[in-house]
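First up is the structure itself, then whatever we jot down about it.
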Amino acid sequence: MKISVEELAGCKRALTVEVSPEAVRPAVEGAYRKLGQRVALPGFRRGKIPREILERRFRDEIREEVLQEMIPTTYRQALQQSHLDPVGLPTVEEVDFQLGEPLRYRAVVEVKPPLEVRDYKGVTISRKKMEVTDQEVEEHLKLLQERVAEYVPMEGWPALREDRLIVDAQGFVDGKPRKDLRVEDFTLELGAGQLLPGVDERLVGALKGELRDAPVAFPPDDPRKDLRGKEVLFRFTVKEVKKKRVPPLDDAFAKAVGECGTLRELREKVRQDVLTRKEHAEEQRLKWEVVEKIAAAHPVEVPEGMVRREMEGMLRDFSASRGGRPERLEGEVSFRLKLEEAARKRARHILVLDAIARQEGIAATPDEVEAEVEQLASVLHQKPDELRAHLRREGRMEAVAANVGERKTVEFLFAQARILDNYDLITIP
């Protein structure tokens, strides 16, 4: 196999590949065998059709099947022989192949730039002292109260904000009820903004058994095109009003939620829990500060494919955090620019960490990858075997191993860092 590499603009490389007829022949023979077993022609038994007839009738199909097998295989071999580290899939062009002749094609691909990282041990960083205020403790206790709050059915009680209602709702468009705008036994927490703007205000003060109407303006980007920008009248039947009852802060509460004997003990436990979380967050910040300092000292051209991939991942995360609908912000130029800047920074970190991992021989072991899969399965509430099979089908096991290797490299760098803590320069053991 003949291979030549051409440097293009940026991080792009063009691989020109030529495969001899002899090397292609096994794929051609295999394609004929598969086709002979698959097709049926009048007068011939399946698998007994003469080759010259297959070649005459199905020459183009044979050629396509050979290309589908040979291009991916020879492309991987060409990458290995040329020592290129690709980013993403190639663009295959200028394919030249006829049965019995050499296979020639050109594959354009982005590659990771060569990078040797220096002076990455002993990076100096400054750690902030973490403290917990009394206000933070009280805010956390309030969250605990809210978490165990009860909702008690009330007769003759006018609904207030934070109360819960059980309602039936029917939407009317142009005075006519629509089936797709009807819900029954819907639980609504007043003030939580569960429904479109204007609904909560109309239901404040409602009593059990009362009917309340609320005109609602549907947004211009609603998935139902016929409702976009329309005003719809919703009629609510209040079936239940439940008053929110928050338990008092006392020793009984401390025993119930914190397994503490007294409220004072619970406050100290909460203070320590908050401090632990803040210290953990500070440690994570310091780890990435080490990475950023090293990356800033090693300017490198980032492949655009890596930036796009990181942007796509960030958009997915952003979409999930917004209930799957980030369209409005996605369209804003400032949002896209900030996202691209963050993605480029993240890609630069990956390049630097990859280079250090190669230089130090850091990689995920099979046991570490297996532990990572089991941890992911636990978080996703899936069976490890099912998740493992899914990751393999999707070709994502390498990404799991890469994530583990990246974390190991960050931990390695952090262990080598020097931390300025209370004006004393110390080395992390």
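Where the centroid of each part is defined by its Cα atoms, how far is segment 196-241 from segment 64-84 in Å?
Each part's Cα centre sits 60 Å from the other's.
If the chain between Lys179 and Gln77 were fully stretched, how many nm would it gain, using 0.36 nm times the residue separation less the Cα-Cα distance?
30.8 nm
Quick check on the chain: helices-only [θ] at 222 nm, where DSSP H runs of length 4 and up contribute -39,500 (n - 2.57) each and the sum goes over total residues. Nearest 500, please.
Rounded to the nearest 500, the figure is -16000 deg cm²/dmol.
³J(HN,Hα) across segment 18-24 via Karplus (A = 6.51, B = -1.76, C = 1.60, θ = phi - 60°), whole Hz, x for Gly/Pro?
10, 10, 5, x, 5, 6, 7
Roughly what % of Cα-Cα distances in the chain sit above 35 Å, to the whole percent?
Cα-Cα pairs of the chain separated by over 35 Å account for 60 percent.
Any idea what the relative contact order of the chain is, in percent, if you count C-alpha pairs under 8 Å spaced at least 6 apart?
16 percent
Apply 1/(1 + (r/R0)^6) to the Cβ-Cβ distance of Val246 and Thr365, taking R0 = 30 Å, and write down the FRET efficiency to the nearest 0.05.
0.05
With everything on Cα atoms, drop me the angle between helix 263-296 and the longest principal axis of the chain, reported from 0 to 90° to the nearest 10.
30 degrees
Points 7 angstrom from Cα along the Cβ direction at Ala415 and Ala281: gap in nanometres?
2.8 nm
Just to verify a number: FRET efficiency for Thr124 and Thr16, C-beta to C-beta distance, R0 = 60 Å, to 0.05?
0.80
Where in segment 244-260 does the amide nitrogen come within less than 11 Å of the point 7 Å from the Cα of Val148, taken along Cα to Cβ?
247-260
Rounded to the nearest 0.05, what FRET efficiency do Arg228 and Gln170 give with R0 = 25 Å and r taken as the Cβ-Cβ distance? Could you check?
Efficiency computed from Cβ-Cβ geometry: 0.80.
Take the alpha carbon atoms of segment 343-361, find their center, do the same for segment 376-415, and report the distance between the two centers in whole angstrom.
If we compute the Cα centre of each part, the gap is 18 Å.
Could you work out how far apart the two model spin labels at Val95 and Ser378 are, taking each label as a point 7 Å from the Cα in the direction of the beta carbon, and quote it in nm?
Modelled inter-label distance: 4.7 nm.
Obtain the nm distance between the two label points defined at Ala23 and Thr237 by a simple spin-label model: each point lies 7 Å from its Cα along the Cα-to-C-beta direction.
So the two model labels end up 7.6 nm from each other.
Only the coordinates and a few stated rules stand behind these numbers; no lab work does. Quick caveat: nothing in here was measured; it's all calculated off a predicted structure. Using ideal geometry, Cβ is built from the backbone for each residue, glycine included, and neighbour counts are taken over all protein chains shown.
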